[in-house]
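**Student:** If you scroll down you'll find the structure; I have some questions about it.
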Amino acid sequence: MIRLLLIAVVLVATWMRCAAVPLAERVRLTTEHVDLRIVLAPEGTNLLSLVAHDGDRGTNHSATNFVLVAAESAKLSVPDGFPDLGPAGSDLWVLPASQNPALLYLGISGEGLALSPQRLDLFLRRVDGPGSCVVWQFDGVGGLSISLNTRDGLTEADRFTPAVGGHEHHNWGFSTNGLYTLWFQARSTVGGTNAWSPEVPVLFAVEPVPAVVAGPAVLATSGLEPDGSLRMLLSGTPDATYTVEGSTDLRAWEPIRQVTAGQTPQAVPLPLPAQSPPRFFRAITP
Amino acid sequence: MKSLSLFALALTTGLALPATAQTFLTTGHADIGIAYDAGAFDLHVHDEESATEFSPPSGAVLVVGAAAQTTTPGVLSAFAPVGSSLWILPKTQNASLLFLGFGTEELTPSDWTGNLTLSLKSVSGPGNFGVYDTGTFGDIQIKMNSADGIAAGDSLTLVPGSHGHYNLTFTAPGNYTIGLEAAGTHVTDGAVSSGTVNYSFTVVPEPEEYAALAAAGLVGFALWRRARR
């Protein structure tokens, strides 16, 4: 077992308010009927946002709190004659437009809106992941219609236009297993005026997800908590778990807590006993 | 707006509306819903747009609008001769057509062993009726087809607690009565079936045929008026 000794760097870090939730703490949506639903609030600063609506349970998850899972059984092989989907015979994990009880049934929804826009668009802005992503439907007579495709780059054409008050299902294909973050931006058009949502990251886990290889982490102090404990920030490989240890002599180390790194630094409160001699902290991989 | 034209047609043709007037569902999302209450199936129509439930389902007329009309392509030759007219109510939403799904969301999945079967039992109307799905790579999966007779295989497999969409086909304009039967294995009640439950569909012809029909209807109306005198 490799142990990485990591150096605690003391610096004043900017407090990151919206740390991404680590994979292990997210709600795994695996076989449910889930819609990515555009939310249009009648007032407020974020006029538009995107949530996952779990139609089976009637609950909404904010975009940072869930992971959409494509199970290993979603893996298919691209048939001949569909170059837009991939080379013939290549792997493609597909969440299908027709419900398969063993897989996530993922839709796009413009339902339940507080306002009635003339039009809704949901643009794919970028994809962080190990492979390509393509989303398509077949019409009733077998015609292929592609909504999103990273294989030929992303443009304004890579979007959904869900019916206002409606919902739709597509085939979602991923060329390689691993974690993908799809950044979506919603646009509503009301009375000829466009409103834009922030870019919302939606996480997909295309299984099996390779184990995260933890790289070096950095611990930085960021002030004191109200109760007097030390607030440190841990930056490391997203979704890798580190153990934070403390010592007074740099020889004997005791584990304090485990922290899973996110996309942004994770806050780590560390108790500072009264009358404590100087203490050192380090973050190591298990 | 939604049902105006069909009511107008009904009036101009002098058709007597039944005592409990039927509601025409022309656009938006509606489901053929399957519920199970007190030991019995309840097959109904659920109009998602108005949150209205029609039980028995004959209280709603499911309208297949003129925009559904297409020419039968080779891949759908099982339903109608290639090149002939075919009306398709599609599984992907088209704002000018009814978006008809099949919903078992009112069922508790743990109450059921395995899936439900929704079988085609009868088709009464001017043409044939069919249901198919389009697979991940565009393959046509025929679920029901009255063109080759109605047999046990003319059925949909539905997961309790779910909701799905398929393509529905009709080969001629006019009124149809489609008989469907739900069956499944309930954990306490055992094997249960709904018996045949009738659903009403109206397939609207192309505008020119529609105009011709309306004209014929006006003649019928005039004759009807005269007969009453």
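**Student:** Note down the relative contact order for chain A as a percent, whole number, built from C-alpha pairs under 8 angstrom at least six residues apart.
**Tutor:** 21
**Student:** What fraction, in whole percent, of alpha-carbon pairs in chain A exceed 30 Å separation? Before the final figure, lay out each step's value.
**Tutor:** Working: 17243 of 40755 pairs.
So the portion of pairs separated by more than 30 Å is 42 percent.
**Student:** Ok, one more. Lysine pairs, Cα distance under 25 Å, 8 or more residues apart or cross-chain: how many in the protein assembly as shown? Each step should come with its number before you reach the end.
**Tutor:** On the way: A:K75/B:K91; A:K75/B:K143; B:K2/B:K91; B:K91/B:K121; B:K91/B:K143; B:K121/B:K143.
Pairs that pass both the separation and distance tests number 6.
**Student:** Given a 10 angstrom Cα cut-off, can you work out which residue in A:L120, A:L76, A:L224 is the most mobile in a GNM of chain A?
**Tutor:** A:L224
**Student:** Taking a ≥ b ≥ c as the square roots of the Cα gyration tensor eigenvalues, with a/c under 1.5 meaning rounded and otherwise prolate when a/b beats b/c, else oblate, which class fits the range A:103-146? Please report the intermediate quantities before stating the final value.
**Tutor:** Details: a/c = 1.92, a/b = 1.27, b/c = 1.52.
It comes out oblate by the Cα gyration axes.
**Student:** Between B:A191 and A:A211, with labels modelled 7 Å along Cα→Cβ, what's the label distance in nm to one decimal, could you check?
**Tutor:** With each label placed 7 Å out from Cα toward Cβ, I get 5.0 nm.
**Student:** Might you report the magnitude of the Cβ-based charge dipole of chain A about its Cα centre, with Lys and Arg at +1 and Asp and Glu at -1, to the nearest 20 debye? Walk me through the intermediate numbers first.
**Tutor:** Details: 18 positive and 26 negative charges, 166 e Å.
Computed about the Cα centre, the dipole is about 800 debye.
**Student:** Let's see if you can work this out: charge +1 on each Lys and Arg Cβ, -1 on each Asp and Glu Cβ, no other charges. What is the dipole magnitude of the protein assembly as shown about its Cα centre, in debye to the nearest 20?
**Tutor:** Details: 26 positive and 45 negative charges, 160 e Å.
So the magnitude is around 760 debye.
**Student:** Could you identify which residue out of A:L106, A:L179, A:L250 has the top mean-square fluctuation in a GNM of chain A using Cα springs shorter than 10 Å?
**Tutor:** Most flexible of the set in this elastic network: A:L250.
**Student:** A further question on this structure: Provide the net charge surrounding A:T260, with neighbours chosen by a C-beta distance below 14 Å and charges set as Lys +1, Arg +1, Asp -1, Glu -1.
**Tutor:** Net charge around A:T260: 0.
**Student:** Specify the inter-centroid distance of the range B:23-51 and the range A:191-253, based on alpha-carbon positions, in whole Å.
**Tutor:** Comparing the Cα centres of the range B:23-51 and the range A:191-253, I get a distance of 48 Å.
**Student:** Summing Lys, Arg as +1 and Asp, Glu as -1, what charge do residues with Cβ under 14 Å from the Cβ of A:P83 carry, A:P83 excluded?
**Tutor:** Details: positive: A:R151; negative: A:D80, A:D84, A:D152.
For residues surrounding A:P83, the net value is -2.
**Student:** Additional query: Taking Rh as the Kirkwood radius, which is the inverse of the mean 1/r over Cα pairs, what is the Rg/Rh value for the protein assembly as shown?
**Tutor:** Values: Rg = 28.7 Å, Rh = 26.4 Å.
Reported Rg/Rh, Kirkwood definition of Rh: 1.09.
Values in this text are rule-based calculations from the coordinates and carry no lab data. Remember, it's a predicted structure, so these values are computed and weren't measured experimentally. Using ideal geometry, Cβ is built from the backbone for each residue, glycine included, and neighbour counts are taken over all protein chains shown.
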